[in-house]
Amino acid sequence: MSSNSIYLTREAAQTLSTEILLAAGLTPDHARTVTGSILAAQQDECYSHGLYRLLGCVQTIKAGKIDPNAVPVVDDAAPGIVRVDANYGYSLLAFETGLPKLVSKTRQQGIAAMAITRCYHFSALWPEVEAIAETGLVALAFTPSHSWVAPAGGTKPAFGTNPLAFGWPRPERRPFVFDFATSASARGEIELHRRAGKPIPIGWALDSEGRDTTDPTEALQGAMLTFGGHKGSALSAMIELLAGPLIGDMMSAESMVFDEGAGVTPCHGELIIALDPHSFLGGGVAENLQRAESLFHSITDQGARLPSQRRYEARDRNEALGIPVQAELLAELERVLAELRR
Ligand code: NDP
Ligand code: PYC
């Protein structure tokens, strides 16, 4: 939490987010699911996908491309596949609608996948893999975005920021979860640096001439870079393919064309894969999950931390304190709500 931040009660933050989204025109179900994701991110201090995203939601709804009334349609496509057509609404209601079928198919088959298609997607993926891992399943999630990221060795955008998230169930503990963009940073993180007037580290992006830059505005106009050079580049390509052609939806470059310069939240698909340890292991689940714990201990016992540890600590701290929000952002959101009501 930064020095110019204050705490809102959970109810106040929920009311503010819900009222903005309803006033912008979303249905109550979309407003509820979008608010759920945004507040989870804000409470866990994942600010690039927290309350600040409401500004992008309002801009996206005003631009008139998203269907604010979209009702997701579930298709039981195959024994191990559920498809959810978001019908050009936000991804989050589609995820909520398809999740019970994904979980039941995974328990029946041992492995199942959910393809969400034709969705507007702005959110962090960890709430999704964490929710699946909380049911005792292992989960992976992938999504493209807009082509903002250059391949390793190139200078022109070809990939999205393409996040990859993983969740693993732990006995008596919150799941082991990681979730990161395959670009060196999420685009939202660069936008937050721009808003704060702060430089970005070298290695995050190139300017439009293909030179290293620390200027967030130049970075947003140029090309972002993948993390880990060719490794992040290959993972990013994999995500384009898995959550694009494999499920019949747009890759990041196609989603950018579909945007027609509106500059709103990307529209594309998302792929979620779930695996049931019981089907793989029969009676040996407890013993094998215990073996996984020894891996986690080998990390933490030497003073390193697990991914999500910071997030879970923030969640617990803010459970008592409230939802942290920067004073300037809060004022901006209140102005946006007042304008929407005018
Ligand atoms: P980060 O680079 O901040 O990395 C996030 C992951 O790495 C978290 O799991 C984090 O755990 C873990 N981590 C960070 N530091 C350490 C450390 N020292 N030791 C161990 N683990 C560590 O995230 P990004 O900026 O790449 O992505 C942020 C978010 O943006 C993600 O939630 C992603 O889903 C979202 N995103 C969404 C997109 C979309 O199209 N919808 C596109 C791109 C990104 P912890 O949280 O505990 O710090
Ligand atoms: O931060 O890169 C990002 C992002 C893209 C779409 C949603 N978040």
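Rule-based calculations on the coordinates, nothing more; no lab input. These numbers come from a predicted model, not from an experiment. Ideal geometry is used to build each Cβ from the backbone, glycine not excepted, and the neighbour counts take in all protein chains shown.
Observations
- Value of relative contact order over the chain, rounded to a whole percent, pairs C-alpha under 8 Å and six or more apart: 22
- For residue 35, net neighbour charge (Lys/Arg +1, Asp/Glu -1) across residues whose Cβ lies under 13 Å away: -1
- Estimated [θ] at 222 nm from DSSP helical runs (n ≥ 4, -39500 (n - 2.57)) normalised by residues in the chain, nearest 500: -14000 deg cm²/dmol
- Neighbourhood net charge (15 Å Cβ-Cβ; Lys/Arg +1, Asp/Glu -1) for residue 91: -3
- Net charge of Cβ neighbours under 15 Å - reference residue 331; Lys, Arg +1; Asp, Glu -1: -2
- Relative contact order (%) - criterion: Cα under 8 Å, at least six apart; region: the range 16-122: 23
- Calculated SAXS-style log₁₀ I(q)/I(0) at q = 0.09, 0.14, 0.19, 0.20 Å⁻¹ - the range 62-218, Debye, Cα scatterers: -0.38, -0.83, -1.16, -1.21
- The range 168-185-the range 211-258 distance, computed between alpha-carbon centres (Å): 21
- Taking every alpha-carbon pair under 8 Å whose residues sit at least 6 apart, the range 176-252 reaches a relative contact order of 26 percent.
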